[in-house]
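Reading through the structure tokens given below for one structure.
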Amino acid sequence: MVSFSKQPGVRRKVRRHRQAARNPPEHRTESSRCRTFAVTSTAPVTVAWHHEPSGALNGGTGRGTHVCDCTGRPFTRSAHVSAMSARHISRRKHMSDLRSSPLVLRPGTAAPAVPGRILILGSGYLAGHIAARLTRLGAETVLSSRRAPVLPESRGVRWKQVDVTSGPQVAALMDAVEPDAVVAVHGPSDITWCESHPEEAYATHHGGARNIAAALDGRPVLLVSTDNVFSGEDESYGESAQTFPVNAYGRAKLAAERELLDTSSALVLRVSLVYGWEDRGPRPNFLTSVVRSLMRKEQLRIPDDHWNTPVHVEDVAAWATTLMSSGRTGTLHLGGPRRIGRVDWARHIAEQLGVDPMLIVPTPRIGTAYACRPRNACLHSEVAAQLPELQHHRPADVLETTHALIS
């Protein structure tokens, strides 16, 4: 079992001493980052449940038979280090040694403890759900963003203001909070907005990731990324697929991935379209938007050439919190078990609401807000079914969950 909160007082005192010996936070340089293992390939290791391209459920069975990182090394699970004091081993050496441990979880072994203090960079819909779940699990959780959170999931969670594009601000935040682990859910997720503001999107996602990486000092970090790092030409993408983003959002997120993976202490969790009931956010997700419009008897133009593997927000939060304490690094995928077109999903919502499905008007992506999205924004996992810690976190089917949410 790995617990990053072991000997917190000693470890934090040692970290402050090391930081002071190097250089002050506002003058941190590239050399302060952990570079014990550089990721040089875009062919990552991943985790997510496999789905059949036809959309049929398969019970979460994965196709992969082995797991390797992009250098061919085994995908490892950190071993418990009990004899090493924080006074005698640096955080960089600690992460390097743990990486080489084998992927093992014996039957009956207790699940790893969630790290004691978690800093979440971001305060939106997904960040709020991750924070709420961590808090329920007993972690001390801190949200941070440019503006204060407004969603109910974030209520009662400690919040600190930060501009993630400012290196000194991120470094100062890390020193003030002294987290045991970090979750990065920062930056705009409105794909259409990012396409219209590519430089701002890149500066926030990539620049923010660069600043986070510079301030990590070897801490484990989980970055929530996207299916938009792929071209969309194939029906679905596993962890070993070649990345090729076709929009500004995908390019910005891929750059952020590489920045954090270069620290060798990062886990990138790529997720497909996230949905759930979101009635108070400034930009509701697809499910909530369609429900609201149909309840008002509004006609909706939905693309008939765009497919997703939607994943419920609670499933993303469950995976994120579980994987944070697993000691894993690399790239993982999380997609729902059903590949579905937006038109079919919208019509299913209409049927559940008891309204006329003819309000859904199929239309090509071109000329709509979906024009910049890949044709297939779908993910599946090649190895998730082999990971013991995920056996009790199988993603829900989108149609079954939609029915449950509406009813």
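Each reported figure results from applying straightforward, stated rules to the coordinates on display, with no laboratory input. The structure displayed is predicted, hence computed values, not measured ones. Note that each Cβ is placed from the backbone with ideal geometry, even for glycine, and that neighbours are counted across all protein chains shown.
Measuring r between the beta carbons of Lys297 and Trp193 and using R0 = 22 Å, the FRET efficiency lands at 0.20. Close amide H pairs (under 5 Å, H built 1.01 Å from N) link Arg365 with Asp304, Asp305, residues at least 5 positions away or on another chain. Each residue of segment 344-350 is assigned a 3J(HN,Hα), and the resulting list reads 4, 5, 4, 5, 5, 4, 4 Hz, derived from the Karplus form 6.51 cos²θ - 1.76 cosθ + 1.60 (θ = phi - 60°), x at Gly and Pro. Under the simplified labelling scheme, the Gln391-Asp234 pair shows an inter-label distance of 2.9 nm, with each label point 7 Å from Cα along Cα→Cβ.
With 0.36 nm allotted per residue and the present C-alpha distance subtracted, the Asp279-Glu351 stretch has 23.9 nm of extension available. Between the amide H of Leu273 and those of Thr309, Val311, distances stay under 5 Å, these residues lying 5 or more places away or on another chain, with hydrogens modeled in the peptide plane.
Peptides 361-374, 259-272 ordered by packing proxy, namely the average of other Cβ atoms within 10 Å per residue, highest first: 259-272, 361-374. Note on Asp163 and Ala369: with the Förster distance fixed at 35 Å, the Cβ-Cβ geometry gives a FRET efficiency of about 0.80.
For Leu332, the residues whose amide H sits under 5 Å from its own are Val47, Val268, Leu269, Arg270, ignoring neighbours fewer than 5 places away on the same chain, with H placed 1.01 Å from N.
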